[in-house]
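This report refers to the structure that appears directly beneath it.
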Amino acid sequence: MNHLLRINMKQVKFKNSEVAAIFASYPKKFRDKLMFLRQLIFDTAAKTKEIGEVEETIKWGEPSYLTKNGSTIRINWKEKLKEQYAIYFKCTSLLVPTFKKLYPTEFKYEDNRAILFNLNDNIPIEKLCHCIKMALTYHLIKNKLKEGDIY
């Protein structure tokens with residue numbers, strides 16, 4: 001994988017067989033990329049005490065990640081995206097607008113709902129982990145975001 005930063009990750013096993021089946025259905029080249037995003041979510045949670053346990057489930061037919069203090073994160077590849085895959089956030093939250101302020105050129109965005117990746121993108125991992133952390137702690141930080149404080 002071409003990433004700007006390599007991190008050591010212990011692969012998290014699937015607890016939900018339906019989620020595992022969705023990952024198994026992806027073409028290999030996208031499955032590897034989505035497994036990497038999945039692992040980043042779990043690793044970010046493990047490094048952030050405010051996040052707590054991450055529940056992996058399915059929402060809208062997509063692998064989804066929920067926490068007690070956070071906003072749902074979804075990851076997916078869709079045929080219509082061709083050579084892209086994405087990490088999705090709640091479109092009515094302040095998350096993606098905040099990401100756009102913090103990282104205007106580092107990511108490609110789909111409106112206020114997703115960060116898109118091309119198959120061969122070099123992902124700025126530390127910045128993406130920051131976005132993931134903000135999503136997984138959203139209910140703790142949203143008032144600061146409303147006030148215009150950039151987290």
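Derivation of every value follows stated rules applied to the coordinates shown; laboratory data play no part. Worth saying up front: this structure is predicted, and the values here are computed from it rather than measured. Heads up, the Cβs are rebuilt from the backbone with ideal geometry, glycines too, and the neighbour counts pull from every protein chain shown.
Assorted remarks:
- Taking the Cα centre of the chain as reference, the dipole from Cβ charges on Lys and Arg (+1) and Asp and Glu (-1) amounts to some 80 debye.
- Inter-label distance for Trp60 and Asn118, nm, one decimal - labels placed 7 Å from Cα along Cα-to-Cβ: 2.5 nm
- Violating pairs (Cα-Cα greater than 23 angstrom) within the set Lys59/Lys144; Lys49/Lys100; Lys15/Lys80; Lys101/Lys146; Lys33/Lys82; Lys68/Lys101: Lys59/Lys144; Lys49/Lys100; Lys15/Lys80; Lys68/Lys101
- Global geometry of the stretch 17-146, whether rounded, prolate or oblate, following the gyration tensor of its Cα atoms and the 1.5 cut on a/c: oblate
- Highest mobility in the GNM of the chain, judged by mean-square fluctuation with C-alpha springs under 10 Å and restricted to Asp43, Asp111, Asp121, is found for Asp111.
- When the GluC sites (Glu not before Pro) in the stretch 55-151 are filtered for DSSP coil states and for at most 15 other beta-carbon atoms within 10 Å of their beta-carbon, the remaining sites are Glu83, Glu106, Glu147.
- Length-normalised contact order of the stretch 17-146 in % [C-alpha pairs under 8 Å, at least 6 apart]: 24 percent
- Placing dummy labels 7 Å off each Cα toward the beta-carbon, the span from Tyr103 to Ala20 is 3.0 nm.
- Comparing Val12, Val96, Val54 in a Gaussian network model of the chain (Cα springs below 10 Å), the most mobile by mean-square fluctuation is Val12.
- Our coupling estimate for the stretch 32-49, obtained by passing each phi through the Karplus curve with A = 6.51, B = -1.76, C = 1.60 and θ = phi - 60°, is 4, 5, 6, 5, 5, 4, 4, 5, 4, 4, 5, 5, 4, 4, 5, 8, 10, 4 Hz, Gly and Pro reported as x.
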